[in-house]
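For reference, the structure is listed below as structure tokens.
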Amino acid sequence: SEAMDEVSLKVFETQELIETSRMAPDFNLPPCVTVTVVAEQNSREVTIDFGTEGCMINGNLFKGIINLSWNRNPQAQEILITKSFTDFYFNAKNIQGGKTILKQRQNNNGNPQFTKTLDITVVWPNGDTANRTGTKIREWIEGHGSGVWSDNVFEISGNWTTTFVNGNTHSYTVLTPLRREVICYYFVSGTIDVIRTNFSGVFDYGDGECDNLATLTFANGTVVDITLN
């Protein structure tokens, strides 16, 4: 989930900004979140604790703990962040497994970039499970280093596959980068090639407007309007 990634990214960037520039960034998280940092000379271990009752962030319910760890080297152009979960739930779904996130201080466009390799299991309240594997690349195209979270814009690409307990698979490949403006709840543009058990097509988030409207173009050319929830 992009919402889960953005909370982790907020905490990581807050820690980096505090240590490198001593500024207090405006990346505020609600008081129901407790962030604990264990700082060794060359490493950081961070726990993001949302409590056992849950914590609502931008319309999503977080519960449990996200763990982040990385070796700190201010001169390094790449930082490998390890992310894991402890009794963690996102919107009542139990998230298990882990991810690695490779941060590049500058990609070929001169922008910070995060490449996430994931292998997680999702358990629904009714006991159904699914495994998701893949790679997501998040390029930070606007707002980096400002200390203000609300002006940030990301573009997301990559591919991932979800395998359900009954053997069905859903595969997704980003065709044009998904534009994520953090002031908007939804992606504002970008397209994904979708292959699911009963259909395939291209999902289109639109032309840049912040709204809950999208389209799905099926393989036979039929276009269906989608209202995102």
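The values are calculated or read from the model by the stated rules, or taken from the named source; none is laboratory data. Remember, it's a predicted structure, so these values are computed and weren't measured experimentally. Cβ: placed from backbone, ideal geometry, glycine included. Neighbour counts: every protein chain shown.
A few points about this structure:
- Inspection of region 116-128 identifies at least one residue that is farther than 18 Å from Tyr89 by Cα and under 13 Å from the mean Cα position of the chain (by Cα).
- Residue count for region 77-94, restricted to those that are part of a loop (DSSP other than H, G, I, E, B) and either under 18 Å from Cys55 (Cβ atoms) or hydrophobic (A, V, I, L, M, F, W, C) (or both): 2
- Looking across region 1-53, the residues that are modelled with pLDDT of 85 or more, hydroxyl-bearing (Ser, Thr, Tyr) and either more than 16 Å from the chain's Cα centre (by Cα) or part of a strand (DSSP E or B) (or both) come down to Thr34, Thr36, Ser43, Thr47, Thr52.
- Lone qualifier among Ile195, Ile183 - being surrounded by fewer than 17 Cβ atoms within 10 Å (Cβ to Cβ), within 26 Å of Ile57 (Cα to Cα) and of a type in the set (Val, Ile, Thr): Ile183
- Among residues of region 213-229 that are within 14 Å of Val202 (Cβ to Cβ) and without any contact (Cβ under 8 Å) to a residue 40 or more places away in the chain, those with a beta-carbon under 9 Å from a residue that is assigned to a loop (DSSP other than H, G, I, E, B) and of a type outside the set (A, V, I, L, M) at least six positions away or on a different chain give the pairs Ala214/Tyr186; Ala214/Phe187; Leu216/Phe199; Leu216/Thr222; Phe218/Phe199; Ala219/Phe199; Ile226/Asn212.
- Test: residue in region 126-139 that is in a strand (DSSP E or B) and acidic (Asp, Glu): yes
- The residue that is surrounded by the most Cβ atoms within 10 Å (Cβ to Cβ), counting only those in region 152-173 that are touching a residue at least 12 places away in the same chain (Cβ under 8 Å) and not in a strand (DSSP E or B), is Asn152.
- Residue among Gly190, Gly201, Gly206 that alone is more than 20 Å from Lys99 (Cβ to Cβ), in contact with a Lys or Arg (Cβ under 8 Å, 6 or more places away or on another chain) and of a type in the set (Gly, Ala, Ser): Gly190
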